[in-house]
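The values are calculated or read from the model by the stated rules, or taken from the named source; none is laboratory data. Only a predicted model underlies this, so the values are computations on that prediction, with no experimental measurement involved. Cβ: placed from backbone, ideal geometry, glycine included. Neighbour counts: every protein chain shown.
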């Protein structure tokens, strides 16, 4: 980590404390014959994040898994790391054997891991595992909150801690929490088999920012939140509105410390290991094909052995010329499916070596033993071909580690199209690990590739990984966090500034302009289910009949519909975003809109026929406008709905399409919006100079309300309902409809009692 990078990360943090939370710790202390020794994990999350934390400082909260961990820590489980040049604090969370069995080997790795890797045949959802998972997540949250000092960014990692963001939010509602999910996020049709799916989504949505590896995973997550929780999803903005908050969801493809690995591969230690391994493994004069994996059923190890066998059958020229080194450390052996896999892999190695080997040569060298980092780098550097044959993978860092260690530009990467890394690394030779014949052909292509092509491909790969390294990945996270924090800091919460608003209201006439759905009434799955709560209606009635108060409800619904749903006499009602209005028995319609009624009816008929087979679509004819709701439509069909609306509207010149929240509005081609409607209402009630005669309060939650926020000048009080973490022209923010209800109640208390005006 260079000093400039450390300074850059410090600048991005803006003086805030960084707290990383993960299951796995970056340093373990273990007993050995020589005393307590330090062990560092090879690869994975902990290895990737350690250099970042050394640059950023702060605290890392993790399970203390080493048998000597707490002997070197203080009474709170705190120890400074790395040992030789401490750069940050590690807080270790102690877990009992029963907790580890239920939380880690149970729910995390027998439920979530197979679920997310599409290996549902291995999934086991046991109640005792779920209870342990909840308890341990609470423990991690409590340990994290104990380390928070002032402003902090808490960065939660991976599937072990899905519930932790919600528990953190409960303990510190103001805390900024971002979560990175390292493994794939499955499609809704897979995720829905999980009995605890709602709790898992609720847990993750305690975050402010959720990061996933691939845009495809983002799309899956948004669909799951929408389908399971009924959350408001904006796919264009990639946000989820849930529990009164806006959660941003982004793809952040993880990477490696490319410069550090390059340096390691050029080191004297690596050179010594290369000489040692060549002699030990009999590599002189032979081609080296390499696989480096944790022993896991998602990595496609049996599939690559099958492809190797096909290659040896189809191209016997490679017998005795090729050595396949499989470096696979056993893992999770407490779980039967992993023990079964280990036996299956070992049996395959024995069978293939027996079938094709000679006294002087074995096709497969299986290496389950632990190796130091410079030995792994030596294998990467020596390899003619590196094989990554994942059956499902969020990213796969082995592919990027291999590239970073290929300082001689001579190796070829054979990469599964089912790994997240595939879309980033198009210069690799692509395989489908389930296609043994095609896989074998790809191995032969890689082995026989001309040196010039090998070099050209590897130069492209190395340039990409160098430009998109682990520091860039962290920078992207912190830049996104910084933008969201800046938006939060610039927001004025309505209730926090209630007394400033009160001073504007007292002693002056009041014009109260209100949206309906999402402002007065909670968001409902479909428009016909939206209901105004009785307490809100009673509060609104307290404004009716007052000479000093004008109340106008401006909605996208039809005029008749909004009058019926609010049901309070004496208000101004504006339907279809103000294209039609009613007050004191008089009804007014914008003339240009009136002339398009038949065109609106026509497009509704066409769309109902065209979208008849699309799930969850509602085509609503509102007379002057039409709404095509797709809140309940499965994600793969949403684009079909959008294209249908745009194409049908294009056939009728006097119509235009305006996007809303999971709805497309078909409008007359007129210059009109809620801002102009608000201005017309105010001018009719108070005259052209209304801005100097009345205090205006406008509250809304939709994109269409932004027109009013921009149109109403200071000192109008404009309020956006929902999270402030994206741009709004409103001057204040309310979290949800409950805050709006409380604010309206306060307004009634601030006004002079009726009859004393």
* Within segment 261-270, is even one residue out of contact with any helix residue (DSSP H, G or I) (no Cβ under 8 Å at 6 or more places or on another chain) and outside any helix (DSSP H, G or I)? -> yes
* Inspect segment 425-433 for any residue being part of a strand (DSSP E or B), free of Cβ contacts under 8 Å to residues at least 40 places away in the same chain, surrounded by fewer than 23 Cβ atoms within 10 Å (Cβ to Cβ) and at negative phi and give the result as yes or no. => yes
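When you scan segment 444-452, do you find a residue that is under 19 Å from residue 300 (Cα atoms), out of contact with any strand residue (DSSP E or B) (no Cβ under 9 Å at 6 or more places or on another chain) and in contact (Cβ under 8 Å) with a residue 40 or more places away in the chain, even just one? Let's see the steps before the verdict.
Filtering segment 444-452 down to residues under 19 Å from residue 300 (Cα atoms) leaves 444, 446.
Filter once more, keeping what is out of contact with any strand residue (DSSP E or B) (no Cβ under 9 Å at 6 or more places or on another chain): 444.
Filter once more, so that each one left must be in contact (Cβ under 8 Å) with a residue 40 or more places away in the chain: 444.
Scanning segment 444-452 turns up at least one residue that is under 19 Å from residue 300 (Cα atoms), out of contact with any strand residue (DSSP E or B) (no Cβ under 9 Å at 6 or more places or on another chain) and in contact (Cβ under 8 Å) with a residue 40 or more places away in the chain.
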* Asked: What single numbered condition from (1) at negative phi; (2) surrounded by 15 or more Cβ atoms within 10 Å (Cβ to Cβ); (3) in contact with a strand residue (DSSP E or B) (Cβ under 6 Å, 6 or more places away or on another chain) fails to hold for residue 77?
  -> (1)
* Hey, residue 10 over 30 Å from residue 224 (Cα atoms), touching a residue at least 24 places away in the same chain (Cβ under 8 Å) and outside any strand (DSSP E or B) or not -> yes
* Asked: Restricting the search to segment 417-429, which residues are in contact with a strand residue (DSSP E or B) (Cβ under 6 Å, 6 or more places away or on another chain) and farther than 21 Å from residue 251 by Cα?
  -> 428, 429
* Structure fact -> Here the residues within segment 311-348 that are surrounded by fewer than 16 Cβ atoms within 10 Å (Cβ to Cβ), within 41 Å of the chain's Cα centre (by Cα) and either in a helix (DSSP H, G or I) or not assigned by TED's automatic domain parsing to the domain that holds residue 389 (or both) are 336, 339, 340, 343, 344, 346, 347
* Asked: What about residue 526, is it under 28 Å from the mean Cα position of the chain (by Cα), surrounded by 13 or more Cβ atoms within 10 Å (Cβ to Cβ) and modelled with pLDDT under 90?
  -> no
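Condition first: farther than 15 Å from residue 27 by Cα and out of contact with any strand residue (DSSP E or B) (no Cβ under 9 Å at 6 or more places or on another chain). Now tell me which residues in segment 80-98 satisfy that.
At the first step, the residues of segment 80-98 found to be farther than 15 Å from residue 27 by Cα are 95-98.
Those that are farther than 15 Å from residue 27 by Cα and out of contact with any strand residue (DSSP E or B) (no Cβ under 9 Å at 6 or more places or on another chain): 96, 97, 98.
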* Counting just the residues of segment 35-67 that are modelled with pLDDT under 90 and assigned to a loop (DSSP other than H, G, I, E, B), which one comes out nearest to the chain's Cα centre (by Cα)? -> 43
* **Residues of segment 600-654 classified as touching a residue at least 40 places away in the same chain (Cβ under 8 Å), under 19 Å from residue 230 (Cα atoms), touching a helix residue (DSSP H, G or I) at 6+ places or on another chain (Cβ under 8 Å) and not in a loop (DSSP other than H, G, I, E, B), total** => 3
* Looking at segment 149-168, is at least one residue surrounded by 21 or more Cβ atoms within 10 Å (Cβ to Cβ), more than 24 Å from residue 76 (Cβ to Cβ), without any contact (Cβ under 8 Å) to a residue 40 or more places away in the chain and in contact with a strand residue (DSSP E or B) (Cβ under 9 Å, 6 or more places away or on another chain)? -> no
* Asked: Among the residues of segment 392-419, which ones are surrounded by fewer than 20 Cβ atoms within 10 Å (Cβ to Cβ) and within 32 Å of the chain's Cα centre (by Cα)?
  -> 417
* **Residue match in segment 220-242 (condition: free of Cβ contacts under 8 Å to residues at least 24 places away in the same chain, surrounded by fewer than 19 Cβ atoms within 10 Å (Cβ to Cβ), assigned by TED's automatic domain parsing to the domain that holds residue 157 and over 20 Å from residue 154 (Cβ atoms))** => yes
* Could you check, for segment 104-116, whether at least one of its residues is farther than 23 Å from residue 475 by Cα and in contact with a strand residue (DSSP E or B) (Cβ under 7 Å, 6 or more places away or on another chain)? => no
* Condition check for residue 508: modelled with pLDDT of 90 or more and either farther than 30 Å from residue 625 by Cβ or not assigned by TED's automatic domain parsing to the domain that holds residue 715 (or both) -> no
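Quick grid of which residues meet (1) without any contact (Cβ under 8 Å) to a residue 12 or more places away in the chain; (2) closer than 17 Å to residue 498 by Cβ; (3) in contact with a helix residue (DSSP H, G or I) (Cβ under 6 Å, 6 or more places away or on another chain); (4) surrounded by fewer than 20 Cβ atoms within 10 Å (Cβ to Cβ):
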{"site": "673", "(1), (2), (3), (4)": "no, no, yes, no"}
{"site": "676", "(1), (2), (3), (4)": "no, no, no, yes"}
{"site": "701", "(1), (2), (3), (4)": "no, no, no, no"}
{"site": "709", "(1), (2), (3), (4)": "no, no, no, no"}
{"site": "741", "(1), (2), (3), (4)": "no, yes, yes, yes"}
